[in-house]
Amino acid sequence: MSFPRMIRVRQSFDATRVNDIPGEVERQLATLSLGKTVRPGQTVAITAGSRGIANIATIIKAACDHVRKLGAKPIIVPAMGSHGGGTAEGQRQIIEGYGVTEAFTGAEIRASMETVIVDTTPQGIPVHFDKHAFNCDHVLVVGRVKPHTGFVGPVESGLHKMMLIGLGKHEGAKIYHRAILDFSFLEIIRAVADVVLRKCRIVAGLAIVENAYDETGMIAAVSPSQFFERESELLTQARAWLPKLPFASVQLLIIDQIGKNISGTGMDTNVIGRKYNDHAATEHDDVSVKRIFVRGLTEATHGNATGIGIAEFTNTRTINQVDRKITAINCLTGGHPTAAMLPIAFDTDQGVIAAALPTLGLVEPTKAKVVHISNTLHLSEVLVSEAYLPELQQRSDLSILSGPTEMDFDTDGNLRPVFAGH
């Protein structure tokens, strides 16, 4: 079978960026005058999540430095639901893998899966909160604000989610994801956040918004009374900065890597148009992708292949990378069991593509609309098939770097990644 020829393309996105990360964290936190609340000698829990957030170690270290300037003691708490296999050691390893270590930050890490039930919501839901965070005098919630991969609302993934799922740990994540099947996402988020803000001594939030180049675009310190309003505003900005595929209609999307450090669903469903349905675009999606081929997992995901079930095709190498237990725990906790299902797999990428192209319809294989990306976070440089050339030539935001050339397979019949080294 003849395959489409590919063109290397660069996309132009808004490049707003914070250049002085420690300085901006300090400036933002200083606006809240936390010294009026945080007393010398007190402890402040600082959350560290499971996402691969740009500059996260530097951001958390700067937050620790600010707490120390107040004469208080920062304590880093891994804040994630079921990631790391739902174990304290696994969660500690995740944040240390991002550079959030005691040596770098100068702060003690206290990891535990134990929670305290602090109250019950009006819906009858017990509110779980990390034991170590609850035992501290104050809690500083650090998290990235961005569109959620499954839920829709004025707040989606950000400070609120960190209070619910991150600090709720495995037990909280399980009950909240179950509750969302009976109540709306917004109802649960508002109800649980109200309890946490009243009962758990949240002193501030530190919200991060990234630009389309996976860089820190904005850092915002938020007072507890402004969490909902400010996060709603930041979500609007995050959505505007979200990286996008170069074209809204794709017949075959090839993704080099998925992983929890990339997205909660391994690949961002907002980017690939699978937010509302695992295997087809809906009228609510901005992008329509017919088939997805996942080529591998990131090293930082530690075998967690959550989201692999959204793809229709993969290769044997990827299947062998999957930690079935860790993936199952995460997908069951999140109420998304289909995300752990395994796609059709072939030994070589060449075999996968040869099987996938005939499933696109009557289009000739060489004329198929194919897009090849590194992952859903890094979309500034991608490969697109020759079928896009007429449209490509009309787009001022897209630049042709090279091609068209034949698909680049190695001697084993596997594609070379978009970026060398991935």
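The values are calculated or read from the model by the stated rules, or taken from the named source; none is laboratory data. No experiment lies behind these values; they were computed from the predicted model shown. Cβ atoms come from the backbone with ideal geometry, glycine included; neighbour counts cover every protein chain shown.
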Could you list all residues from segment 1-18 that are assigned to a loop (DSSP other than H, G, I, E, B) and within 22 Å of the chain's Cα centre (by Cα)? 12, 13, 14, 15, 16, 17, 18
Kindly check whether there is at least one residue in segment 266-281 that is touching a residue at least 40 places away in the same chain (Cβ under 8 Å), part of a loop (DSSP other than H, G, I, E, B), touching a strand residue (DSSP E or B) at 6+ places or on another chain (Cβ under 8 Å) and among the β-branched types (Val, Ile, Thr). no
Quick check on segment 241-250. Is at least one of its residues over 18 Å from the mean Cα position of the chain (by Cα), over 25 Å from residue 19 (Cα atoms) and among the β-branched types (Val, Ile, Thr)? yes
Given the criteria of a type outside the set (Gly, Ala, Ser), touching a Gly at 6+ places or on another chain (Cβ under 6 Å) and closer than 15 Å to residue 122 by Cβ, does residue 159 qualify? no
Please count how many residues of segment 215-241 are in a loop (DSSP other than H, G, I, E, B) and not hydroxyl-bearing (Ser, Thr, Tyr). 1
Inside segment 42-123, counting only helices (runs of 4 or more DSSP H) that do not spill past its ends, which hold 2 or more residues that are assigned by TED's automatic domain parsing to the domain that holds residue 196 and among the aliphatic types (A, V, I, L, M)? 56-69, 88-97
Qualifying residue in segment 242-261 (condition: touching a residue at least 12 places away in the same chain (Cβ under 8 Å), more than 24 Å from residue 330 (Cβ to Cβ), assigned to a helix (DSSP H, G or I) and in contact with a Ser or Thr (Cβ under 9 Å, 6 or more places away or on another chain)): no
The residue from 41, 23 that alone is within 21 Å of residue 220 (Cα to Cα), over 19 Å from the mean Cα position of the chain (by Cα) and either surrounded by fewer than 16 Cβ atoms within 10 Å (Cβ to Cβ) or not aliphatic (A, V, I, L, M) (or both) is 23
Might you check whether a residue that is surrounded by fewer than 17 Cβ atoms within 10 Å (Cβ to Cβ), more than 30 Å from residue 175 (Cβ to Cβ) and in contact with a Cys (Cβ under 7 Å, 6 or more places away or on another chain) occurs anywhere in segment 93-108? yes
Can you tell which of 271, 287 is at pLDDT 95 or above, surrounded by fewer than 23 Cβ atoms within 10 Å (Cβ to Cβ) and not charged (D, E, K, R)? 287
Qualifying residue in segment 366-377 (condition: of a type in the set (S, T, N, Q), modelled with pLDDT of 95 or more, out of contact with any Phe, Trp or Tyr (no Cβ under 6 Å at 6 or more places or on another chain) and closer than 16 Å to residue 415 by Cβ): yes
For residue 167, the lone unmet condition from (1) touching a Cys at 6+ places or on another chain (Cβ under 9 Å); (2) surrounded by fewer than 19 Cβ atoms within 10 Å (Cβ to Cβ) is (2)
Would you be able to say whether some residue in segment 2-18 is hydrophobic (A, V, I, L, M, F, W, C) and without any contact (Cβ under 8 Å) to a residue 60 or more places away in the chain? no
Hey, which of the helices (runs of 4 or more DSSP H) in segment 316-409, taking only ones fully inside, have at least 1 residues that are crowded, with 19+ Cβ neighbours inside 10 Å and hydrophobic (A, V, I, L, M, F, W, C)? 324-333, 349-356
Restricting attention to segment 209-250, and to residues there that are more than 27 Å from residue 301 (Cα to Cα) and assigned by TED's automatic domain parsing to the domain that holds residue 367, which single residue is surrounded by the fewest Cβ atoms within 10 Å (Cβ to Cβ)? 248
